[in-house]
Amino acid sequence: MIPWGGLSCCLSAAALYLLGRSSGRDAEILKSVTRVNQLKELAQLLDAEILPLIVTISGRVSSETPINCEFSGLRGVIVEETAEQHFLKHNDAGSWIQDSALMLSMSKEVPWYLDDGTDRVHVVGARGASGFALPVGIEAFEESGRSLVRGTLDYLQGLKMLGVKRIERVLPVGTSLTVVGEAAKDDVGAIRIQRPHKGPFYVSPKTIDQLIANLGKWARWYKYASVGLTVFGAYLIAKHAIRYILERRRRSELQRRVLAAAAKKSGQNNDVEKADSLSDGAKKDRLMPDLCVICLEQEYNAVFVP
């Protein structure tokens, strides 16, 4: 039988090892990225450097046409709003269980840029970048109205409306961000940061040094977990191999003892007179092996002889 437990641990260890190498490689790539201390220097780099140019920049989120959030009152450049209807429904067992259904999922984004006081750089495709997460602007629960007619109709349908949960996620104006990506100029000459065809693309509130340290930490954790799973998987495989070897030995011993018992049985007719002169215990030890030929672990008590 194949030791699936040990093999699964070894395969998981290999996957973690590859993840650790990938995280370590990403950290090394981020270390080699060109750092732009002031955005006004980016135009000079684009004119002097060979494209594509992978850089890291920092600044505050700004926009000419920010979005005014309806519920949180914030001004943002990316807004995601979801609304879930929560209710109790009557199941077949006659009890009420809580459930929810998505009512609304909406996303808005306006052109935005990073500004550090010296210049501005537009950011394109930030939602697909690594490390990007929209903070929650507001999370509220609105209870359903207590209309008698509506409540009666819902009850007849096996429902009890509880209310609506609204979550608004916003990238507010003024948020400090670090962006790692390809610097390029659009058709009108404006500088923007976008996802490179090959290379890192990060949009995060962490600094570049924090991103490198975080990737290095995950690389080490993946390495330690890989080593641990490898050792445990090797233990399981070795345990299975030892049990297999011992089982083969027991079966070999079983065959040997069965053949010995058969040989004694065949010679029983020739030794009947001699066997009758022996005591019962001596006859028992002479005609049969001292261990059970079935389990080979305990002394026999009885054995079936056809």
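The values are calculated or read from the model by the stated rules, or taken from the named source; none is laboratory data. Quick caveat: nothing in here was measured; it's all calculated off a predicted structure. Virtual Cβ from ideal backbone geometry, glycine too; neighbours counted across all protein chains shown. Areas reflect the complete protein model, heavy atoms only, side chains present, ligands, DNA and RNA absent. Shrake-Rupley method; radii C 1.70, N 1.55, O 1.52, S 1.80 Å.
The residue list LEU46, LEU88, LEU16 contains one member that is in contact (Cβ under 8 Å) with a residue 40 or more places away in the chain and out of contact with any Phe, Trp or Tyr (no Cβ under 8 Å at 6 or more places or on another chain), which is LEU46.
Could you list, in sequence order, the residues of segment 62-85 that are open to solvent by less than 30 Å² (accessible area, probe 1.4 Å), part of a strand (DSSP E or B) and not hydroxyl-bearing (Ser, Thr, Tyr)?
Of all residues in segment 62-85, those open to solvent by less than 30 Å² (accessible area, probe 1.4 Å) come to 62-63, 67, 69, 76-79, 81, 83.
Filter again for part of a strand (DSSP E or B), leaving 62, 67, 76-79, 81, 83.
Hits for segment 62-85 are ILE67, GLY76, VAL77, ILE78, VAL79, GLU81, ALA83.
Residue by residue through segment 190-199, note down the ones that are under 13 Å from VAL180 (Cβ atoms) and open to solvent by 20 Å² or more (accessible area, probe 1.4 Å).
Those that are under 13 Å from VAL180 (Cβ atoms) and open to solvent by 20 Å² or more (accessible area, probe 1.4 Å): GLN194, ARG195, GLY199.
If you go through segment 1-24 one residue at a time, how many are part of a helix (DSSP H, G or I), exposed (fewer than 13 other Cβ atoms within 10 Å of the Cβ) and at pLDDT below 90? Selection size over segment 1-24: 1. The conditions of being surrounded by 13 or more Cβ atoms within 10 Å (Cβ to Cβ) and touching a Ser or Thr at 6+ places or on another chain (Cβ under 7 Å) are not met by ILE237. Among the criteria (1) in the same structural domain as SER176 (by the TED database); (2) within 34 Å of the chain's Cα centre (by Cα), the one ALA13 does not fulfil is (1).
On the given criteria, is SER130 under 35 Å from the mean Cα position of the chain (by Cα), without any contact (Cβ under 8 Å) to a residue 40 or more places away in the chain and either open to solvent by less than 30 Å² (accessible area, probe 1.4 Å) or within 30 Å of ARG220 (Cα to Cα) (or both)?
no
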